[in-house]
Amino acid sequence: MTDAATLGIAAAIALGVWLVVLAVLAVATRAREPDAAPATMDPGGDESPAVVNLITNDWAVGKAAVPATLIDLAARKVVGLERVGPERFAVRIPNRGPGDLMPYEAPVYDHVRGLASDGIVPCEALTTGPENESKRWWKNFRTAVSADARDRGLSRPRWARVHLLVLGVIATAPAGLAAGAFAALPSTSSSSNDDNSALGYLFLAVIVWVALMAIPRSLRAERETPQGLAVASRWLGLRAQLAGDDNFAQQPPTAIAIWDRLLSYGAAMGVASGAVRPLPMGAESDTEAWTAYGGRWRAVHIRYPQRFPPGWGRGPFAAIALALVWIVPAAVAAYALASRVPIAVLVVPAVLFAYGVGMLWSGASDLGRRRTVEGQVLRRKEVIVHNDSGSSTKAVYLAVYDGNGGDVRALRCTPDVASGVTAGEVVRATISPHLAHVYSVERLGPMVSIHTGS
């Protein structure tokens, strides 16, 4: 038992070291933002709109890259764009072949051609299928764009091989020590096979190592190269020029007749929302929405918290009371079991205790404090929430976007507080600072155009 506890503590220390190294490398490998060149009407180079989207959009392929690619295909006469009514457009597929297309342009063309009837596709029908299918399509598109940017020397993977090698080598310590701690626990079976036990502990070490290495892999992204920064700077000069023209932002996709490929580049860089809106190249998703709120057209990721952060949406007093329900039994259980069970078993009450402490801190910090959030409601989602007491209640999540960043935690409201609020409206919500408990929602204005994404 003593050996198991010692190895468990050593595993925890080794894990802490590994996490520190990961944090240091994560900071060191963050992408740098390019400085915009002076405003100009000259294109930054021969890059495609999709690649331009990547290098001017925080080094990530944004949703605007897909409609921008379609607009660019139209500007190059690969397809045609026609107005068929007020705010309604259609894509025409010519009888001739498309010619040579990039690996991410061909799927866009093939998708549109596959939807065509007699060579015509209404733009309203351009969605890329059900959400799961659309996600696969989008992942393949994004991967191909990133590959082109790397081939051009404009971007590189966030994690170099040496980074993963260092993390992998260090991760063997917590993985091996964790397996050793379990191996040192008293055996409950008198007939256990030593060879099988050894293989089992080795398998456990491998599982822990794989789980740790999945963390940096989940943080995969593109980062800049010196050449990429220089090229992005030139393109940002064009974006500054186009953004200064209010008329350009409202141009429809058929304005390629005037603006040619500049319209597709403007769409890729978020300054041609009028051209992007009629081209819904994606499936509607609860977790993604496009919006121009805040002055820049972008895709926003939406989360609907229930268990995490602890106490999300609850009032301060309710959170404090519930926190004690978690803390007291967890502390009693840990105290009672400390001398009777392996130390690894105590992880469960420790986690419950930490969860309760987090909720208690948030509830106490919110007492008597309020702040306001003003923005556009990107999604309204009604759900059944299963409470910690075992009961269920109806709740309404409002994803209120204030125009900053690319992520939103939806606010959890009662149906009465969210009554009458619909997606697209601009609202002012009064909430608590940490728990985001919604006291009131004030409707400020009419519907604002938003666009769904996959």
key: Inter-probe distance in nm under a simple model that places probes 7 Å from Cα toward Cβ, at LEU165 and ALA106   = 3.5
request  = Between the alpha-carbon centers of the range 203-251 and the range 21-40, tell me the distance in whole angstrom.
outcome  = 9
query = How far, in nm, would the chain grow between PHE308 and ASP42 when pulled straight, counting 0.36 nm per residue and subtracting the alpha carbon separation?
reply = 91.0 nm
Computed over the chain: relative contact order in percent, which uses C-alpha pairs under 8 Å that are six or more apart = 19
task = Please work out, to two decimal places, the log10 of the ratio I(q)/I(0) at q = 0.12 Å⁻¹ from a Debye calculation in which every Cα of the chain carries one identical scatterer.
result = -1.15
remark   = With all protein chains present, the chain has a carbon and sulfur share of its accessible area (1.4 Å probe) in percent of 58
ask   = Among 170-179, 12-21, how do they line up from the highest to the lowest mean number of other beta-carbon atoms within 10 Å?
value = 170-179, 12-21
query = Taking the highest mean first, how do the peptides 107-115, 213-221, 413-421 order by number of other beta carbon atoms within 10 angstrom per residue?
reply = 107-115, 413-421, 213-221
request  = Report, in order of residue number, the helices in the chain meeting two criteria: a C-alpha extent of 24 Å or more along the helix axis, and a mean Kyte-Doolittle hydropathy of at least 0.0; treat each whole DSSP H run as one helix.
outcome  = 2-28, 161-183, 194-218, 226-243, 316-337, 347-366
key: the chain, accessible area per residue, ligands and nucleic acids excluded (1.4 Å, Å²)   = 49
key: Point-charge dipole on Cβ atoms (K/R +1, D/E -1) for the chain, about Cα centre, debye to 20   = 400
query = What lysines could a cross-link reach from LYS63, if we take a straight Cα to Cα line under 23 Å and drop same-chain neighbours fewer than 8 places away?
reply = LYS77, LYS135, LYS139, LYS381
request  = Please list 51-60, 135-144 highest first by mean number of surrounding beta-carbon atoms within 10 Å per residue.
outcome  = 51-60, 135-144
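The values are calculated or read from the model by the stated rules, or taken from the named source; none is laboratory data. It should be emphasised that the depicted structure is a prediction, and the values quoted were computed from it without experimental measurement. In this analysis, Cβ positions are derived from the backbone assuming ideal geometry, glycine residues included, and neighbour counts consider all displayed protein chains. Surface areas here come from the heavy atoms of the whole protein model, side chains and all, with no ligands, DNA or RNA. Shrake-Rupley method; radii C 1.70, N 1.55, O 1.52, S 1.80 Å.
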